Amino acid sequence: RHQQRTMKAMGKGVARSRGAAQTELLRANINDQINRLLDQLEDLEELKDEFEEGEYEESKQETMAQLREFQEFLERSVQGDMSLVSEYGATILALQAAISEAFKTPEVIRMFAKKQPDALRKRLAELQRDKKIRQISTAQFQSQAVEILTALKKLGSKLSSQEQGFLEKMSNARHMEDAVDKLGMGSSVEKSIINTASKEIKAAKN
């Protein structure tokens, strides 16, 4: 009996080890795919002017189709694993924001997907500087600033009263927030993402 118990314990240990190895392989695959698609999205926008007529839209549609396919794969992959939901919840929301074109700036989408609030803050400061020295227009500043502040809110970062006021003043900001809030909310995975994010934010405040 002792030998049987030992064998069972060993079997469970092997299963756990195999499960952990499979999860790490899944993580590596997910991260590779995320980086590839985000690079593709950035290249598409950077090389936009070099495309011949019709090529840009065709390439963009292909990229969006790949994003949708990967987002569906990611949702299936994290289903039932709260650690993966917590790890990749923001990625799913960022992908959906890109697919729906609620977010249009690849750099911001990448930072949102990778949960990088400090990088988003740095980018916002750079935009403010560029606007001040008139390297970018007010419209360019506003469109990216709205995306950055919306992403920061979704990541649980506290906005200053000035930042919150800016979002409230911008008419497209409310539509963007509503669009991000409504993304995929019918699925159990998305409900888990929102619930997990809510718990993390509450824990951070306590």
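Pick out the one residue from Glu72, Glu24, Glu42, Glu57 that is surrounded by fewer than 16 Cβ atoms within 10 Å (Cβ to Cβ) and touching a residue at least 60 places away in the same chain (Cβ under 8 Å). First the steps, then the outcome.
Numbers: Glu72 fails: touching a residue at least 60 places away in the same chain (Cβ under 8 Å); Glu24 fails: touching a residue at least 60 places away in the same chain (Cβ under 8 Å); Glu57 fails: touching a residue at least 60 places away in the same chain (Cβ under 8 Å).
After ruling out the rest, the residue left standing is Glu42.
Considering Lys158, Lys153, Lys131, Lys122, which residue is charged (D, E, K, R) and touching a helix residue (DSSP H, G or I) at 6+ places or on another chain (Cβ under 7 Å)? Give the steps one after another, and end with the answer.
Working: Lys158 fails: touching a helix residue (DSSP H, G or I) at 6+ places or on another chain (Cβ under 7 Å); Lys153 fails: touching a helix residue (DSSP H, G or I) at 6+ places or on another chain (Cβ under 7 Å); Lys122 fails: touching a helix residue (DSSP H, G or I) at 6+ places or on another chain (Cβ under 7 Å).
Only one candidate passes the filter, namely Lys131.
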List the residue pairs whose Cβ atoms are under 9 Å apart, where the first residue sits in region 137-148 and is of a type in the set (Ser, Thr, Tyr), the second is in a helix (DSSP H, G or I), and the two are 6 or more positions apart or on different chains. Ser137/Lys131; Thr138/Lys131; Ser143/Asn172
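Condition first: under 25 Å from Met170 (Cβ atoms), surrounded by fewer than 16 Cβ atoms within 10 Å (Cβ to Cβ) and among the charged types (D, E, K, R). Can you find one or more residues in region 94-107 that meet it?
Pass one, region 94-107, residues under 25 Å from Met170 (Cβ atoms): 94-107.
When the remaining residues are screened for being surrounded by fewer than 16 Cβ atoms within 10 Å (Cβ to Cβ), the result is 100-101, 104.
From the residues that got through so far, the ones that are among the charged types (D, E, K, R) too are 101, 104.
Yes, some residue in region 94-107 is under 25 Å from Met170 (Cβ atoms), surrounded by fewer than 16 Cβ atoms within 10 Å (Cβ to Cβ) and among the charged types (D, E, K, R).
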Quick one: in region 108-146, of everything that is among the small types (Gly, Ala, Ser) and surrounded by 15 or more Cβ atoms within 10 Å (Cβ to Cβ), which residue is farthest from Lys60 (Cα to Cα)? Ala119
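No lab work stands behind these numbers, since they all come straight from the coordinates. For clarity, every value in this text was computed on a predicted model and none was experimentally measured. Methodologically, a virtual Cβ is constructed for each residue, glycine included, from the backbone with ideal geometry; neighbour enumeration extends over all protein chains shown.
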